[in-house]
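Here the structure comes first, spelled out in structure tokens, and everything after it is commentary.
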Amino acid sequence: MEIIRTPEAMQLRALDLKRAGRVIGLVPTMGSLHEGHLSLMRMARKSCDVLISSIFVNPTQFGPNEDLAAYPRDFERDEFLCKKEGVDLLFYPESKMMYLPDASVWVDEGRLSSGLCGAERAGHFRGVCTVVAKLFNLTQPDLAVFGEKDAQQLRIIERMVRDLNVPVKIVRGPIVRERDGLAMSSRNKYLSEQERKNALCLRRSLDHVFEQMEQGERSVPVLREAMRTFIEALDGAEVDYIEFVNEQSLLPIEQVNCNTLVALAVKIGRTRLIDNDIFYA
Ligand code: AMP
């Protein structure tokens, strides 16, 4: 596995591969890798000749009061895992190489970004779209795999690719969970033992309302309240949002009468976790 540290070297290498007719697959990550990331690498591996993964904790997608400095980093372990998964090129740039001090062009999605995590995290998706566009230009992928764990992000990237005619096929990777149902996340490392137990309330509250929907309950206010009550029964669990939205448009609904993305963000102590599931009506 080759490690590439500069954007220039990455782009030259990718353009060479492209000219040689190689099919390039990309899995962008912020590192601190877990099975969720590795599952995306395995998916990409199946459909490409050259697998590129990137590790970059992108500063532009973090708000001023978020965990950029504290975000878990362990490059040696990540390098080992990437090698094991058959990654051919690992792109690991420094922040100052990716953004010049006077950078002034951004990619801003204007519709899907406004609700859910976008409502809470101003500028977050602008940072995500911009870095993903840059990574696409630097690595020239034919396909790129993104996880359903970040359902809103995935749909925004699909929209960016559609609206800007970006020649990259976006592949959706299912959420990988711990055995007890907690969605894998680099941020799970922040949780204390008690918080780790409490964190199960995300998946369990989803299970709770999915059962109700299967039994015919269609009122979103009723379902949302049931989730909120379930979560806030726990000490130290605070709901950021619970949203029921059309799975494609991400527009809020009042009745579950279409394929519905149920998405939530909950603070467990100081750690903000997200989860989601899709109900097929
Ligand atoms: P991150 O390192 O958190 O930026 O995530 C990099 C990619 O991995 C994104 O496409 C995420 O959606 C995806 N991802 C993160 N956690 C999971 C998970 N538990 N299951 C599947 N994909 C995931």
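The values are calculated or read from the model by the stated rules, or taken from the named source; none is laboratory data. Fair warning: this is a prediction, and the values are worked out from it, not measured in the lab. Neighbour counts run over all protein chains shown; Cβ positions are idealised from the backbone, glycine included. To get the accessible areas, we keep the full protein, side chains included, count just its heavy atoms, and leave off ligands, DNA and RNA. Shrake-Rupley method; radii C 1.70, N 1.55, O 1.52, S 1.80 Å.
What's the total number of residues in region 149-169 that are open to solvent by less than 30 Å² (accessible area, probe 1.4 Å) and within 12 Å of the ligand (Cβ to nearest atom)? If you could, list the steps in order and put the result at the bottom.
Of the residues in region 149-169, the ones open to solvent by less than 30 Å² (accessible area, probe 1.4 Å) are 151-152, 154-157, 160-161, 168.
Subsequent filtering for residues that are within 12 Å of the ligand (Cβ to nearest atom) retains 151-152, 154-157.
Within region 149-169, residues that are open to solvent by less than 30 Å² (accessible area, probe 1.4 Å) and within 12 Å of the ligand (Cβ to nearest atom) number 6.
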Please state which one of 39, 47, 54, 95 is in contact with a Pro (Cβ under 6 Å, 6 or more places away or on another chain) and either under 22 Å from residue 148 (Cβ atoms) or in contact (Cβ under 8 Å) with a residue 40 or more places away in the chain (or both). 54
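Considering only residues of region 173-200 that are among the polar types (S, T, N, Q) and part of a helix (DSSP H, G or I), which is most open to solvent (accessible area, probe 1.4 Å)? Let's see the steps before the verdict.
Filtering region 173-200 for residues among the polar types (S, T, N, Q) gives 185-186, 188, 192, 194, 198.
Imposing the further condition that a residue be part of a helix (DSSP H, G or I) reduces the set to 186, 188, 194, 198.
Working: 186: 6, 188: 26, 194: 103, 198: 19 Å².
The selected residue is 194.
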